[in-house]
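Taking it in order: structure first as structure tokens, then the write-up.
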Amino acid sequence: MYVNDSLRNAYLTLKEKPTIILLFIGYEIFQLPILFLYLFLIQNASNPSNLQLFTLSIVFLAALIIVNFVFYIILASMSVMIAKQKIEGGKILLKKAFSDAKPFFARTAGLFIVIFLIFGIIATLMVSGFIFGGIGGFLIILISFVLSVFLAVTITQSLTISIIENLGIIASIKKSYNKSLPFFWSIFEIEFAISAIAGAIVSIGYLISLIFSPILGSIISSISSIIFTPIFLIAIPLFYFYSNQKPNQNKPEIGTSSVPPKISQS
């Protein structure tokens, strides 16, 4: 029930406030200069004709990646507040979502960095499995894959908990782990459903890029990201709220922190 409610209401939120889609369109458009610069550096890495231009491109690419990271932090934090507004039954107000999420931007950045480091270590283990090869390498790859899926499910509520319950980075990850275990397969179902549909659309875009036009294929892949990224970022907080509600309680129970945001108890 929580899965269906979370996905359906995430979709209805976007339908009610299509401006959210425009924000993610802007985010996707911002990826273009990063992609172009990356391709330029790859093509000229072996023998740069203009070393100064090559160096400036690296610096500019690094700056764009940092800005892109900040942009995603803002969107992800706002998505939690948008889900909160949806639960409370009021209008979806993006300005209010931004102002309510603003105090948590720095912590969200720290949380994402920690999560990226965790999955970076797992990715390194997986690569080492490919390098070693054989049965040992296969076991390393298998264990790394299972661990990545397990953590992707169990720590996915960290951001919501960090903001709504006003907990620190490590405390949020720990609580997300403890709260997610009883709902492991439900959260996995949300992530799998979104990933499967988005992945299918991306695959279609890839085929179109091979057969017809790379630009058209990229546009289709970007459309998939524009639609399903906000659905995921809103569905997970909604699941948190639904899974925390008590029997005969209209609104979900949240943390006891005195720092906003809070949801009034019924």
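Each reported figure results from applying straightforward, stated rules to the coordinates on display, with no laboratory input. Since the model is a prediction, treat every value here as computed from it, not as a measurement. Backbone-built Cβ (ideal geometry, glycine too); neighbour counts: all protein chains shown.
Some notes on this structure:
- Estimated inter-spin distance, I34 and L94, nm [label 7 Å along Cα→Cβ]: 2.0
- Loop-located trypsin sites (Lys or Arg not before Pro) in segment 39-114 (DSSP state other than H, G, I, E, B) with a sparse environment of at most 16 neighbouring Cβ atoms within 10 Å: K91.
- Pairs spanning more than 22 Å between alpha-carbon atoms, out of K15/K86; K17/K86; K15/K175; K15/K91; K17/K102: K15/K175.
- For the chain, the Kirkwood hydrodynamic radius from C-alpha pairs, put into Stokes-Einstein at 20 °C and a viscosity of 1.002 mPa s, yields a diffusion coefficient of 105 µm² per second.
- Other residues whose C-beta falls under 13 angstrom from the C-beta of I169 contribute a net charge of +2, scoring Lys and Arg +1 and Asp and Glu -1.
- GNM flexibility winner over the chain from T13, T160, T55 (Cα, springs under 10 Å): T55
- Extreme residue, positive dipole direction of the chain, given options L22, L125, N44 (C-beta unit charges): L22
- Percent RCO, i.e. relative contact order, over the chain, from Cα pairs under 8 Å lying at least 6 residues apart: 25
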